[in-house]
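Take a look at the structure set out below.
Just so you know, all these numbers are worked out from the coordinates, no wet-lab data involved. On a predicted model such as this, the values are computed, not experimentally measured, just so you know. We place every Cβ from the backbone using ideal geometry, glycine too, and count neighbours over all the protein chains shown.
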Amino acid sequence: MTTEYLYKHPKTLLNKGTGFLAGYSHSLNPYTGCTFGCSYCYVRQMPVSTFRGAEWGTWVDIKQGAANVFQKELVRAKNKGPVTIFMSSSTDPYQPIEHKEQITRSLLEVMVSDPPDFVFVQTRSPLVRRDIDLLLRLGEKVRVSMTIETDMEDIRKYFSPDAPPIAARLKTLQLLADAGVPTQATIAPMLPSSEAFPQLLKPLVDRVCLDDYFMGDGSGGKRTRNLGIQAKYDQIGMEEWYGPSAYQIVYDRLKQVFPEDQIYVSQKGFEP
């Protein structure tokens with residue numbers, strides 16, 4: 001499958017934090033579109049995708065000159081009050097094109113020189129390790145949230161074949177933790193996993209966020225239903241993992257390994 005890359009020159013980058021991200025003053029997306037193209041991604045059901053006329057995962061808009069625009073916006077935003085940033089809400093800031101374009105890195109450089117009150121970096125990509133130098137300079141004002149939906153590679157390949165392997169994400173969490181970058185493991189959306197999953201995370205993080213389609217897709221599960229995700233569970237005989245109470249399976253397993261104050265459910269785990 002070929003990917004279409006377009007260069008755009010945005011007039012604005014910061015968006016007001018609303019809905020699920022109401023705990024943040026702003027969200028920030030270095031790209032529009034995402035080549036990881038996960039089957040369950042709620043963005044597939046959002047206008048940015050539905051009006052595109054091309055399959056989600058096959059196109060990316062690269063926001064050229066993003067750092068200059070962001071620098072000015074950040075100054076204006078800080079003059080109005082505390083600035084807390086969620087990066088990113090509808091794209092992965094470390095998808096493969098970031099290797100070459102370094103838009104996300106340029107935005108972090110702006111934040112290092114003029115720090116917001118807090119920035120939350122949400123990714124499933126090992127590429128985030130490249131920016132440990134900048135993340136460390138942000139100190140306690142940053143948290144890297146690494147998506148690890150399952151510990152089973154066959155399940156990962158089934159639901160998100162173009163996303164990075166689980167082992168590489170776990171290794172990256174280890175590197176971030178060893179370097180002293182504040183991190184969390186984010187099981188979102190929760191996919192079928194083994195009983196050993198919590199033990200795998202325990203040495204790497206002291207903070208885990210657990211989320212599912214029904215709490216976390218911004219529509220009570222409606223967007224996910226429209227994507228026909230339930231059929232994917234039916235096809236592999238794992239129906240018990242799809243439903244509003246299925247998260248309890250993993251929550252109960254986490255509780256056997258992590259103290260309860262280190263386990264966050266849905267929105268709470270993403271807040272500043």
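Of Lys78/Lys255; Lys171/Lys268; Lys141/Lys232; Lys11/Lys100; Lys11/Lys141, which ones are farther than 32 Å apart at the Cα? Could you put the intermediate results ahead of the total?
Details: Lys78/Lys255 39 Å; Lys171/Lys268 25 Å; Lys141/Lys232 39 Å; Lys11/Lys100 22 Å; Lys11/Lys141 26 Å.
Exceeds cut-off: Lys78/Lys255; Lys141/Lys232.
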Quick one: longest stretch of the chain between exposed loop GluC sites (Glu not before Pro), exposed meaning at most 13 other C-beta atoms within 10 Å and loop per DSSP? 56-194
Given backbone amide H placed at 1.01 Å from N, residues whose amide H is under 5 Å from that of Gly65, ignoring those fewer than 5 places away on the same chain, are none
Phi angles of the range 102-118, converted by Karplus (6.51 cos²θ - 1.76 cosθ + 1.60, θ = phi - 60°) into ³J(HN,Hα) in whole Hz with x for Gly and Pro, give 6, 5, 4, 4, 5, 6, 5, 4, 4, 5, 5, 7, 8, x, x, 5, 6
Residue among His26, Leu6, Gly81 farthest towards the positive dipole end of the range 4-270, charges placed on Cβ: Gly81
For the chain, what does -39500 (n - 2.57) per DSSP helix run (n ≥ 4), summed and divided by total residues, give at 222 nm, in deg cm²/dmol to the nearest 500? -9000 deg cm²/dmol
Note down the net charge around Ser125, summing +1 for each Lys or Arg and -1 for each Asp or Glu among other residues with Cβ under 15 Å from its Cβ. +2
Just the number, please: percent antiparallel of the DSSP beta bridges in the chain, rounded to the nearest 5. 15
